[in-house]
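J.: First, the structure itself, so that you have it in front of you.
Quick note: the coordinates plus some simple rules give every number you see, no bench work behind them. Quick caveat, the model's predicted, so the values are computed rather than measured. So basically every Cβ, Gly included, is an ideal-geometry build from the backbone, and we count neighbours across all protein chains shown.
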């Protein structure tokens, strides 16, 4: 990895700080209700300095999305590497994803309640489409590889691993969405437990009757 110069490092640190302040404001006032001037004030920086780091408010938001995806994948991999069994790895992925969403619920609330079509248009306009897609596909491929390993072990049924990876991702997103809409009244760990039971029950290879009779 190429080492940053002192100036580049300072700029990256400043960008990171601005993003954190913007995330707090987006959560408190909504994306539309937050201005670049307010982000500059919260960051205790001149407005021109903020614009030197980010072209627009949309640019800040997309940088946040990229950062969260990178952190999320690193968090998932670190937790999953503690196990060698495919079923246990899937369980760890689900638990880790739920914990990550809970720790970062401020950001994901912003994401869930924003206009998704607007976000996709920003991704295309700002040139971030390729970067965000690659990071998302890294996660999907990581999960698919584990499912593929489970198939090779004879633990999982003969489903397409990437199809199952997309299915797991969609299921977890809607469970977390429901948790937020319900006002977080139930522990999110209960949603993780349900997801593990349902997903692994459908994924596991059926036991043949003759095996049961032995």
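J.: Work out how much length residue 14 to residue 152 would gain on full extension: take 0.36 nm times their residue separation and subtract the Cα-Cα distance, in nm to one decimal.
T.: Stretched fully, the residue 14-residue 152 segment lengthens by 45.0 nm.
J.: Could I ask something else about it? Quick one: if you stick a label point 7 Å off each Cα along the C-beta vector at residue 177 and residue 111, how many nm between them?
T.: 1.3
J.: Taking the 0 to 90 degree range and rounding to the nearest ten, how far is the long axis of helix 6-29 tilted relative to the main principal axis of the chain, both from C-alpha atoms?
T.: Helix 6-29 sits roughly 80 degrees off the main axis of the chain.
J.: Continuing with this model, one more query. From the gyration tensor of the Cα coordinates in segment 1-98, what semi-axes in whole Å does the equivalent ellipsoid have, largest first, with each one equal to sqrt(5λ)?
T.: Semi-axes (√(5λ), whole Å): 33, 18, 9.
J.: Sticking with this one: Could you sort 55-61, 24-30 so that the peptide with the highest average Cβ count within 10 Å comes first and the rest follow in order?
T.: Ranking, from highest mean packing down: 55-61, 24-30.
J.: Rg (Å, one decimal) plus Dmax (Å, integer) for the alpha carbons of segment 55-109?
T.: Rg, Dmax (Cα atoms, Å): 13.7, 46.
J.: Right, next: Angle between the Cα long axis of helix 86-103 and the longest principal axis of the chain, 0 to 90 degrees, nearest 10?
T.: Roughly 30 degrees, rounded to the nearest 10.
J.: Give me the three principal axis extents of segment 7-51 from the C-alpha atoms, as integers in angstrom, largest value leading.
T.: Largest first, segment 7-51 extends 32, 17, 14 Å along its Cα principal axes.
J.: Angle check, please: helix 116-125 long axis (alpha carbons) against the longest principal axis of the chain (alpha carbons), in degrees 0 to 90, nearest 10.
T.: Computed tilt is about 60 degrees.
J.: Sorted by average packing, counted as other Cβ atoms within 10 angstrom per residue and highest first, what order do 168-174, 85-91, 43-49 take?
T.: Details: 168-174: 15.3, 85-91: 19.3, 43-49: 13.1.
Result, highest mean first: 85-91, 168-174, 43-49.
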